[in-house]
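Report on one structure; see the data block that follows.
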Amino acid sequence: MSVHYTLNLRVFWPLVTGLCTALVCLYHVLRGNGGARTETPDGADGGFPLLKVAVLLLLGYILLRCRHAVRQRFLPGPPRLGGHSAFSSKHFPEPSLDILLESYYEHEVRLSPHVLGHSKAHVSRIVGELVRAGRARGSPGPIPGGALALAFRGDFIQVGSAYEQHKIRRPDGFDVLVPLRLPPLVALEPRSLGAEPELAPAFHGCFVCALKAPPGASGGHWLRDCKPFSDGFCVDVRGRRLLSATLVLRWFQAHLQRSLATVRYSLEGRCRVSLTPGSLEHPPTLHILPCRTDYGCCRLSMAVRLIPAVHLGDSVFLVAPPPPPSPAGPLSELPGGLRSDALWGVNTARQEQKLLSWLQERAPPGACYLKCLQLLKAMRDLGARGLDPTAAAQWGRILSSYVLKSALLAVLQREGSPAPGWDEAHLGERLEELVLFLRDCLLRRRTLFHCVLGPGGAATEVGPLPKVLREAAPVDLLAAFDRQVRELAAARLLSTWRRLPQLLRAYGGPRYLVRCPPPRSQRTQGFPEDEP
């Protein structure tokens, strides 16, 4: 993806003028401290050329500001959202949707690669020290240590949009998997719940993990030997001992707190760190705040979600807690005697990264599908404006970043390979294709399958998968939402697309774009006229 940098003249000229003025003042101060004033052979003041340059820069800045003021005085002001100006529509050309999208992308959506790179490196250093301290410290909790204790494996895995090149706006949120090491005497037998007909669709993407004896272990002796681990981290369901996501998460938080206390002093000179405990829906969050003595170029406050993960094999992990929509209580009873605290989510981030890389390798030069995904996420955020908190939360869940990424992957896989139409010149058309695909998924009850757990999955592109995933039932990402919620979301999505030129003018881009009326060519027929 090509990166373009633009020069902000309103910042550049005052900065240059101030710098030159400071140099002139410094020159005169040093010259005054050095003794009597000396003159150049021709009798001119040695500081005059530098002072003249500073004055010329200041005059250039004043002329630039005067020109801007004259244009603002004689040109019509920006209309209100939805308003039209006869003068502007007559004298200014109507920009195409592609121009509006490109402008909004550059000013509001695109992340600076420099800032993102610094942020990821900073997060990697802090989390690396924390995980290494946790591995060296041992295991607190129900089993203080020994052969039956949980422990950090010692590494961490960076996942999410920041590491897949489609994060938008600010690099202030990151997801990191922290793999756990199970005791040698404990083996897991995971099972997908996708084929359980009595379960609600919200649980079809969850897994349960039963304990089993490792190969070569005697059944009776194994049950007795692993009883401390079973009592500390498992719950009884249908006569079987299942690994509890809630109990593992509780141990994980306590271990993180102790590890953070170990490294906090060594981090004081670089940043301030704190840990927010997790809940039934969210893992614990590490907050990294810049230190007052940190004069780095990227002083950002960042939140890093630390997710406990159990490795299943082939870079697939079970994670706690399961992603939303999730159960509402740690001890709520589910059909068949299941308990919500025994449910785990699955993370296939490595497979999804491989799939994106595979698509990038096959894509023609200049393919814009990652930019389309970023703009689709920005469009979702624009559509949430004006909603009450409850409706905005529901809107964000049904059009989560993972759902939008899955929609893009589904469209690309349906076409076989990115066609020539995915270049920058057809940005608006491809974005409209994604919007209409999501509309069909929401309104026509078309399934939007998990890109790895779908029918056939993407095994040929992402490599081998564990047997439990190959045999798992397909997971529909929208099955947990009822008909009314889906219809409201589809209506809001279409309404946002219909009003997108106006929204782009109102909330981003250069000011000259605001004066232009909505292009008539972008008014799509069949879209609802009223907000949902």
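Given Pro335, Pro324, Pro330, which one is more than 24 Å from Leu478 (Cβ to Cβ) and at pLDDT below 80?
Pro330
Which residues, taken from segment 346-371, are more than 20 Å from Val319 (Cβ to Cβ), open to solvent by 30 Å² or more (accessible area, probe 1.4 Å) and either among the aromatic types (Phe, Trp, Tyr) or part of a strand (DSSP E or B) (or both)?
Listed by number, the list holds a single entry, Trp358.
Find the helices (runs of 4 or more DSSP H) located wholly in segment 63-150 whose residues include 2 or more that are at pLDDT 75 or above and surrounded by 17 or more Cβ atoms within 10 Å (Cβ to Cβ), and list them.
Correct list: 97-104, 113-137.
Residue-by-condition table, conditions (1) within 13 Å of Pro277 (Cα to Cα); (2) in contact (Cβ under 8 Å) with a residue 12 or more places away in the chain; (3) surrounded by 14 or more Cβ atoms within 10 Å (Cβ to Cβ); (4) of a type outside the set (Lys, Arg):
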| position | (1), (2), (3), (4) |
| --- | --- |
| Lys227 | no, no, no, no |
| Asp231 | no, yes, no, yes |
| Cys234 | no, yes, yes, yes |
| Val237 | no, yes, yes, yes |
| Leu242 | no, yes, yes, yes |
| Leu247 | no, yes, yes, yes |
| Trp251 | yes, yes, yes, yes |
| Thr262 | no, yes, yes, yes |
| Tyr265 | no, no, no, yes |
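For Gln374, indicate whether it is of a type in the set (S, T, N, Q), open to solvent by less than 30 Å² (accessible area, probe 1.4 Å), closer than 19 Å to Arg110 by Cα and touching a helix residue (DSSP H, G or I) at 6+ places or on another chain (Cβ under 8 Å). Walk me through how you get there before you give the answer.
Numbers: of a type in the set (S, T, N, Q): yes; open to solvent by less than 30 Å² (accessible area, probe 1.4 Å): yes; closer than 19 Å to Arg110 by Cα: yes; touching a helix residue (DSSP H, G or I) at 6+ places or on another chain (Cβ under 8 Å): yes.
Yes.
The values are calculated or read from the model by the stated rules, or taken from the named source; none is laboratory data. Fair warning: this is a prediction, and the values are worked out from it, not measured in the lab. For neighbour counting, all protein chains shown are included, and Cβ atoms are generated from backbone atoms with ideal geometry for every residue, glycine included. Please note that ligands, DNA and RNA were not included when accessible areas were found on the heavy atoms of the full protein model with its side chains. Shrake-Rupley method; radii C 1.70, N 1.55, O 1.52, S 1.80 Å.
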